[in-house]
Structure formats: structure tokens, C-alpha cells
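A short write-up of the structure that comes next.
The values are calculated or read from the model by the stated rules, or taken from the named source; none is laboratory data. Being a predicted model, the structure only gives us computed values, none of them experimental. Cβ sites come from the backbone with ideal geometry, for glycine too, and all protein chains shown count toward neighbours.
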Amino acid sequence: MAKCLKNLINISDLSTDQMFDLFNVADSMKEILDKKKTCDLCKGKILATLFYEPSTRTRLSFESSMMRLGGSVLGFSSASGSSVSKGESLADTIRTVAGYSDIITLRHPNEGSARVASQFSHVPIINAGDGGHQHPTQCLLDLFTIRKEKGKFENLKVLISGDLKFGRTTHSLAIALARLGAKLYFASPPGLEMPDYITNQLKKDMNVIPSVSHDLKEYIGLSDVVYMTRVQRERLGEMEYLKYRGSYVLSEKTMEEAKKDTIILHPLPRVGEITPNVDKDPRALYFQQAYNGVPVRMALIAMLLGVV
Ligand code: CP
């Protein structure tokens, strides 16, 4: 299975079998992480992290993953610290860094950039977020967390909420969950609805038509999973951002409407969508979710390098 996967650009690049294989490998990786240990599966291998946009979780968890696998990392955390600031193209940067590394993870503001990068690289490319398009590795850790907590996807009621227009994590997650048989509920402020190209794909490829609302509270009570997201300030004008900021907030009061076994996820960072007093609620799993990014990315790196 592992050798068949060359890059991870879209969540649809993974078959369902490959996804479950990855989760099984991630279970083993989590045992290593939980014990704060390392292994030498990727000894002598180098991961490049090329981040043209800010990141805390994705970049650092990728770096942590490669270190736990016994490999090394290099890269940049902003375009300004690299020759991109001198005008170097993505293609030339990728051609160069592919010679310095064994695998590349790329975050870039342009939709489709990871696909372009894969055309100029002889080493695997992992999409760590391309504009408002996709974030497949976030999706994998979201799914891994849901699987750990709920043990299934079939008929699970999942509410995906917030900025669905620009929230790339929601695009990848909706497509994957639909494929896995979950029931989808979308709640977003008017103007930030799920893009047509995603809803069309859900209907055309999976015959899934999500329930849609502009009211966060409408589906909270029936949901098994509530997936909150922030308004993507970096993809909106400032006036638009101010209009949407604070429109959806999950508070202790809102949590009273959720079921006892509902889990609350958020890809983070949060910027006010979940009040801090929700953190102590045992249903709030977003920091566990962020932790799960390491074993999932360890598994992905190992699969793409063909060492598992
Ligand atoms: N979830 C996520 O992509 O977080 P970062 O932007 O911190 O990487």
C-alpha cells in the first residue's frame, strides 16, 4: 500500500483502504509519541518544510514527526526569509529543495500550488495547505481523532461550522467524511457558505446533500461531532473580517445543548470561536486533536518514503 502513494495533494489522492492503513500505522506511531520515544525508520532522511504562510501546528508537528522518526529537517517558515523574497518562482524553489531533501511539505497562499510543486519535484510533495483550497493532513488527523473517539464514521452526524468558504480544512474534511458514510451538517454565516465546487462534488461523486443552516445552534443538539473553525482573516478584506468576526461562538451555554458524548473539534488556531471556559469540558478535544497531528504525520511521512 505504502509505495503506491507518491504525493499527498488532495484528500481524494488517498483511497479509503490507504486511509485506514495510515490510521493503523499512526496507532503504532502514537505509542512511540506517548512514551516520548523516537525510532530510526527515517534515519538518514531529510524533510523540507517550505512555509510561505504562517503556521504553528502544521509546521512544528511535521518537524517533530520527522525527528521522532529519526530523520532531520530543514526549511523556512516565511517567504521573507528565503529567496522567494527576491522573486524566485515556486518551480525553481522546489527543483532546488528537492535536491536537498527526501520529502517536501509545502504551505502556500495559492490554490493549486502543491499540485504545481509536484510537477517540478522528484521527491514526494505533501500539501500543508494551499490557499483556501485543501488541507489534507489536517483532515487525516481530524479523521484519526474521530475514529479514536467514536470508533466509526458510518452514519455519524458531523456539524462543520464557521468559515466554510475559505476554511480549507472544512473542504478536505467534508469530502472525506462523505466518502466514509458520515451525515453532514453545515452551519456558516451568510456569505461564508461551503463553495459550490465542494457541494457539487459531494453530490456528484457521493450522492451526499448536506443539511445547511446559518444558525450554529440549529444542529448542535443532534451532532455527534461539532467541528468549529475560525473566520479566515487572511483571505478576507478587513471590513469583511470585522463583519464576520465573533458571529459564531461556542460557549459553556451553547454546550448545554450538545449531547453528553458529542465531541468538539477545531483545527486551531481559535480566535474567539470557542470560549476558554469550554476547554475544561471533557467533550472539548481540540488539543488532543492537535497532538494527534504528530502520529498521523509520522505515518504519512513513513508511507510516502516507503519505509512502512
Ligand atoms: N491547523 C493548522 O493548520 O494550524 P496552523 O496554521 O497553526 O498550522
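So S80 passes all but one of these: (1) touching a residue at least 60 places away in the same chain (Cβ under 8 Å); (2) out of contact with any Ser or Thr (no Cβ under 9 Å at 6 or more places or on another chain). Which condition number does it fail?
For S80, the exception is condition (1).
Being free of Cβ contacts under 8 Å to residues at least 40 places away in the same chain and either surrounded by 18 or more Cβ atoms within 10 Å (Cβ to Cβ) or within 16 Å of the ligand (Cβ to nearest atom) (or both) narrows it down to one residue among L159, L216, L140, L177; which is it?
Criteria check complete, one pass: L177.
Kindly establish whether P276 is without any contact (Cβ under 8 Å) to a residue 40 or more places away in the chain and assigned by TED's automatic domain parsing to the domain that holds D224.
Considered against the rule, which asks whether it is without any contact (Cβ under 8 Å) to a residue 40 or more places away in the chain and assigned by TED's automatic domain parsing to the domain that holds D224, P276 comes out as yes.
Can you give me the ranges of the strands (runs of 3 or more DSSP E) entirely in the stretch 63-136 with at least 3 residues that are buried (at least 21 other Cβ atoms within 10 Å of the Cβ)? Please lay out each step first, then the result.
Working: elements: 72-76, 103-108, 125-130.
Qualifying strands (runs of 3 or more DSSP E): 103-108, 125-130.
Can you tell me which residue among T49, T93 is in contact (Cβ under 8 Å) with a residue 40 or more places away in the chain, away from the ligand (no atom under 16 Å from the Cβ) and among the hydroxyl-bearing types (S, T, Y)? Let's see the steps before the verdict.
Values: T49 fails: away from the ligand (no atom under 16 Å from the Cβ).
It is T93.
Answer with yes or no whether R233 is within 15 Å of the ligand (Cβ to nearest atom), out of contact with any Pro (no Cβ under 8 Å at 6 or more places or on another chain) and within 28 Å of P124 (Cα to Cα). Break it down into steps so the answer makes sense when it comes.
Details: within 15 Å of the ligand (Cβ to nearest atom): yes; out of contact with any Pro (no Cβ under 8 Å at 6 or more places or on another chain): yes; within 28 Å of P124 (Cα to Cα): no.
The answer is no for R233.
Given the structure, is P282 in a loop (DSSP other than H, G, I, E, B) and under 15 Å from the mean Cα position of the chain (by Cα)? Full working, then the answer.
Working: in a loop (DSSP other than H, G, I, E, B): yes; under 15 Å from the mean Cα position of the chain (by Cα): no.
Taking the combined requirement at face value, the residue does not satisfy it.
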